[in-house]
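Report on the structure given below.
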Amino acid sequence: MVVRRVGRRPAVPTDEQIRELHERFAPTPEAFDLVYTHCRIVCAVAEQLLDGRRSAYDVDLVRAGSLLHDIGVYRLYDTHGRLDHRNYVRHGLLGHDLLRELGFPEALCRFCSRHTGVGLTREDVLRQRLPLPAADYVAETGEEQLVMYADKFHSKTTPPKFVTAAAYTADVRRFGEDKADRFTAMVAHYGEPDLTRLADQHQHPPAADGVSPLGAGSPRPPGPD
Ligand SMILES: [Fe+2]
């Protein structure tokens with residue numbers, strides 16, 4: 001794959017190259033539609049959140065990271081096109097490994113493994129007995145944090161839907177008050193995106209405040225999405 005390299009920044013694939021990757025790894029048209037549409041929505045949310053602060057971010061990296069962050073979900077489908085919900089929390093690490101195998105730079109691979117919930121710590125992995133190697137999977141760069149945050153506003157549930165900040169806060173509280181506090185701090189920092197136009201465009205219903213999204217950013221995860 002030919003990728004653009006600008007100065008010292010990581011090589012960033014084009015939107016078209018990323019779409020081709022989704023088409024290549026999606027096991028079914030339905031999986032492609034679910035995952036790629038979600039990634040495009042997360043990208044649109046991230047770009048909205050970038051308004052007014054673009055100079056502080058590598059905008060192309062945010063875009064590529066948004067479009068690639070869930071590519072590991074495809075590795076959780078079996079040969080019958082069924083998703084392994086029980087191991088859903090592994091999708092980030094699977095995506096990281098997939099991109100690494102393709103030769104992508106670490107800065108891009110990390111968008112996959114660092115977007116789950118509001119960050120998975122080694123303690124979370126051990127305490128919740130998650131099917132992951134015990135390690136920290138936490139967004140560190142500004143770009144990683146922005147993509148992780150944008151991901152929380154859309155869920156690949158059946159049917160897919162948009163998620164308000166209040167609904168996500170209520171949901172993530174299941175995993176600890178510290179998780180809710182972390183998300184609340186991100187809302188204060190980034191603001192809440194206007195999801196109205198995106199909901200109209202994609203015909204996905206917005207979640208009402210107070211209604212648990214149950215897996216914002218993922219289809220029914222066993223742990224934080
Ligand atoms: Fe996602």
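The values are calculated or read from the model by the stated rules, or taken from the named source; none is laboratory data. Small disclaimer: the values here were computed from a predicted structure and weren't measured. Quick reminder, even Gly has a Cβ in these numbers, built from the backbone with ideal geometry, and neighbours come from all protein chains shown.
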Within segment 133-158, considering residues that are within 15 Å of the ligand (Cβ to nearest atom) and among the small types (Gly, Ala, Ser), the one surrounded by the fewest Cβ atoms within 10 Å (Cβ to Cβ): 139
Of the conditions (1) closer than 30 Å to residue 201 by Cβ; (2) surrounded by 17 or more Cβ atoms within 10 Å (Cβ to Cβ); (3) touching a residue at least 60 places away in the same chain (Cβ under 8 Å); (4) not acidic (Asp, Glu), residue 130 clears all except one; give me its number. (1)
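Scan segment 213-220 and tell me whether some residue there is within 21 Å of residue 39 (Cβ to Cβ), modelled with pLDDT under 95, within 14 Å of the ligand (Cβ to nearest atom) and hydroxyl-bearing (Ser, Thr, Tyr).
Of all residues in segment 213-220, those within 21 Å of residue 39 (Cβ to Cβ) come to 213-220.
From the residues that got through so far, the ones that are modelled with pLDDT under 95 too are 213-220.
From what's left, within 14 Å of the ligand (Cβ to nearest atom): 213, 215-220.
Within this subset, residues satisfying the condition of being hydroxyl-bearing (Ser, Thr, Tyr) are 218.
Yes: segment 213-220 contains one or more residues that are within 21 Å of residue 39 (Cβ to Cβ), modelled with pLDDT under 95, within 14 Å of the ligand (Cβ to nearest atom) and hydroxyl-bearing (Ser, Thr, Tyr).
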Lone qualifier among 158, 164 - being under 22 Å from residue 63 (Cα atoms) and among the β-branched types (Val, Ile, Thr): 164
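Yes or no, residue by residue, for (1) touching a Lys or Arg at 6+ places or on another chain (Cβ under 6 Å); (2) in contact (Cβ under 8 Å) with a residue 12 or more places away in the chain; (3) small (Gly, Ala, Ser):
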| site | (1), (2), (3) |
| --- | --- |
| 97 | no, yes, no |
| 102 | no, yes, no |
| 105 | no, yes, no |
| 121 | no, yes, no |
| 140 | no, yes, no |
| 144 | yes, yes, no |
| 150 | no, yes, yes |
| 163 | no, yes, no |
| 169 | no, yes, no |
With under 21 Å from residue 35 (Cβ atoms) and within 13 Å of the ligand (Cβ to nearest atom) as the only criterion, which of 111, 104 stands out? 111
Of those in segment 177-205 that are among the small types (Gly, Ala, Ser) and modelled with pLDDT of 95 or more, the residue farthest from residue 150 (Cα to Cα) is 180
Tell me whether segment 24-31 contains one or more residues that are of a type in the set (Asp, Glu), crowded, with 16+ Cβ neighbours inside 10 Å and more than 16 Å from residue 95 (Cα to Cα). no
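Test residue 49 against the criterion of being modelled with pLDDT of 95 or more, within 11 Å of the ligand (Cβ to nearest atom) and over 26 Å from residue 135 (Cα atoms), and give yes or no.
no
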Taking segment 149-167 as the region of interest, how many residues are touching a Ser or Thr at 6+ places or on another chain (Cβ under 9 Å), under 21 Å from residue 139 (Cα atoms) and among the aromatic types (Phe, Trp, Tyr)? 1
Test residue 103 against the criterion of being on the phi > 0 side of the Ramachandran plot and buried (at least 19 other Cβ atoms within 10 Å of the Cβ), and give yes or no. no
What is the residue count in segment 107-119 for residues that are in contact (Cβ under 8 Å) with a residue 40 or more places away in the chain, of a type in the set (A, V, I, L, M, F, W, C) and crowded, with 20+ Cβ neighbours inside 10 Å? 4
